[in-house]
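This report refers to the structure that appears directly beneath it.
The values are calculated or read from the model by the stated rules, or taken from the named source; none is laboratory data. Keep in mind that this is a model prediction, so the values were computed, not measured. Here the Cβ positions follow ideal geometry from the backbone for every residue, glycine too, while neighbour counts run over all protein chains shown. Each accessible area value is taken on the protein alone, full model and side chains, heavy atoms only, with ligands, DNA and RNA left out. Shrake-Rupley method; radii C 1.70, N 1.55, O 1.52, S 1.80 Å.
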Amino acid sequence: RHMTNALRAMGINIEKKEDGSVVVEGGVDKLKEPADGKELFIGNSGTTVRFLTTFTTLVPGTVTLNGDEHMAKRPIADLVSALKQMNISIDCPTDCPPIKIAGGNDGLPGGNVEMNGTKSSQYFSSLMLSGAYAKTDLKINIKGTLVSLPYVTMTKKCVEDFGGKIDLDMESNCITVHPTAYALPNNGSYAIEPDASAASYPFAAAAATGLKIRVPILNESSIQGDYGFVDILEKMGCKVEKDQDGTTVTGPEQGVKLKGVDVDMHHISDTVMTLAAIAPLCDGPTTIRNVANIRIKETDRLIATVNELKRLGQEVEYGDDWLKIVPKPVQPAKIECYADHRMAMAFGILGLAVPGVTITDKKCTGKTYPGFWDDMNSFCEEVKAASVQVKKPKLTV
């Protein structure tokens, strides 16, 4: 919603069709400064602010990106620094939004920049997506280990689908974006994969309840890193079936607990809360490692997850980039969501399996999964039926 509104304010025509498709009439030549210098409100949408911070350098004028009180705490200094290395005029005094970007004839100059790779892959995706319109090659030197590499690879594929060219050299720890005017692929039609991050919730629901749940279309050819969440569920004792038409997860039989796991989730960190929320249902400890980057999301997700698990009576140990959950009987509790959609959805899954879990901010899931609670109600009915009839229904979401 915030991305759509911001692009419209900068001259891009976007129309949503009844069949779920979206028609975008774009082009750099259509870009314009928002009317009356109006700030673009981006709520707490991290993807929107990161992608638009670079994109707005192509706008002939000044653009200010501002959000809510949560966005005002989300650091973006690494991306701002990279743009300043190209002598772009950008004002971000707190290292968090609001951000004021002065575009114009110089646009995105290109050249060599260095950027920290340990915090967010979206900083890199931002430069890669708009870098096709740089004046010269844009070489991004990665400092440290690049987090969520599959999403950088996905960005590269998307750019190339539209005729762009990017060299991804992980041996030299650099990304080079070559100036190339985009062209419409497939006669102007472009298919978007189902959201693997959102799909982690119905998959986790299967694990937590013993149901058999199928997500259509999403299959092992997916280029999204978070699709790897089903491999973790398989290690925990779920049955995972993958075919060209979708993926099905079946939870353990009644009376059989999930297995605790020890996993590095560096590249699939949006599913950390999903795993942590079902960890109380396991037969032993679950340890999640190498996830420091989740601390600069909608909230400090590591601390938020620790707090809510403890509220539920769980034994939790944690450090700067890890947490360990030792299962204990789940105590009824009201879950604080911190205005974070993934916190609400993750602990909502736990509420399918055990009584007394109350989600205090139901509406925040609308950010990425508006139908989440409808799907949860469907799962709940199936759980009730399964408990009476001792059956495993098959669901499609």
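Residues that are farther than 26 Å from MET71 by Cα and charged (D, E, K, R) do occur in the range 273-287, at least one of them. Residue count for the range 1-15 under the criterion of being within 21 Å of THR368 (Cβ to Cβ) and open to solvent by less than 70 Å² (accessible area, probe 1.4 Å): the result is 6. Scanning the range 277-298 for residues that are assigned to a loop (DSSP other than H, G, I, E, B), open to solvent by less than 30 Å² (accessible area, probe 1.4 Å) and closer than 18 Å to ASP340 by Cβ turns up VAL291, GLU298. Answer yes if at least one residue in the range 227-248 is assigned to a loop (DSSP other than H, G, I, E, B), touching a residue at least 60 places away in the same chain (Cβ under 8 Å) and open to solvent by 10 Å² or more (accessible area, probe 1.4 Å), and no otherwise. No, that holds for no residue.
Counting the residues of the range 249-276 that are within 30 Å of THR118 (Cβ to Cβ), open to solvent by 10 Å² or more (accessible area, probe 1.4 Å) and of a type in the set (Gly, Ala, Ser) gives 1.
Exactly one residue out of GLY163, GLY103 is over 23 Å from the mean Cα position of the chain (by Cα) and at negative phi: that is GLY103. Kindly indicate which of VAL80, VAL49 is open to solvent by less than 50 Å² (accessible area, probe 1.4 Å), within 24 Å of ASP106 (Cα to Cα) and touching a Pro at 6+ places or on another chain (Cβ under 8 Å). From the options VAL80, VAL49, the qualifying one is VAL49.
Within the range 297-313, residues that are touching a residue at least 40 places away in the same chain (Cβ under 8 Å) sit with their Cβ atoms under 8 Å from residues that are in a loop (DSSP other than H, G, I, E, B) and of a type in the set (Lys, Arg), at 6+ positions apart or across chains, in these pairs: LYS297/ARG74; GLU298/ARG74. The numbered conditions (1) touching an Asp or Glu at 6+ places or on another chain (Cβ under 8 Å); (2) open to solvent by less than 30 Å² (accessible area, probe 1.4 Å) are all true for GLN314 except (1). May I ask you to verify whether GLU308 is at pLDDT 95 or above, open to solvent by 20 Å² or more (accessible area, probe 1.4 Å) and touching a strand residue (DSSP E or B) at 6+ places or on another chain (Cβ under 6 Å)? Against the criterion (at pLDDT 95 or above, open to solvent by 20 Å² or more (accessible area, probe 1.4 Å) and touching a strand residue (DSSP E or B) at 6+ places or on another chain (Cβ under 6 Å)), GLU308 does not qualify. When ILE99, ILE76, ILE88 are checked against the criterion of being in contact (Cβ under 8 Å) with a residue 12 or more places away in the chain, in contact with a Lys or Arg (Cβ under 9 Å, 6 or more places away or on another chain) and of a type outside the set (S, T, N, Q), ILE76 stands alone in meeting it.
The criterion of at least 1 residues that are in contact with an Asp or Glu (Cβ under 8 Å, 6 or more places away or on another chain) is met by the following strands (runs of 3 or more DSSP E) wholly inside the range 46-128: 62-66, 99-102, 111-116.
In contact with a Phe, Trp or Tyr (Cβ under 7 Å, 6 or more places away or on another chain) and not hydrophobic (A, V, I, L, M, F, W, C): is that true of GLY144 in this structure? No, not satisfied. Within the range 16-39, the residues that satisfy the criterion of being open to solvent by less than 90 Å² (accessible area, probe 1.4 Å) and within 20 Å of GLY366 (Cα to Cα) are LYS17, GLY20, SER21, VAL22.
Confirm whether GLU253 is on the phi < 0 side of the Ramachandran plot, of a type outside the set (Ser, Thr, Tyr), touching a strand residue (DSSP E or B) at 6+ places or on another chain (Cβ under 6 Å) and not in a strand (DSSP E or B). So GLU253 fails the test.
Here the range 259-286 is the region considered, the condition is being touching an Asp or Glu at 6+ places or on another chain (Cβ under 7 Å) and of a type outside the set (S, T, N, Q), and the residue that is farthest from GLN122 (Cα to Cα) is LYS259.
Taking the range 163-212 as the search range and keeping residues that are among the charged types (D, E, K, R) and touching a Ser or Thr at 6+ places or on another chain (Cβ under 8 Å), which one is most open to solvent (accessible area, probe 1.4 Å)? Filtering the range 163-212 for residues that are among the charged types (D, E, K, R) and touching a Ser or Thr at 6+ places or on another chain (Cβ under 8 Å), the one most open to solvent (accessible area, probe 1.4 Å) comes out as LYS165.
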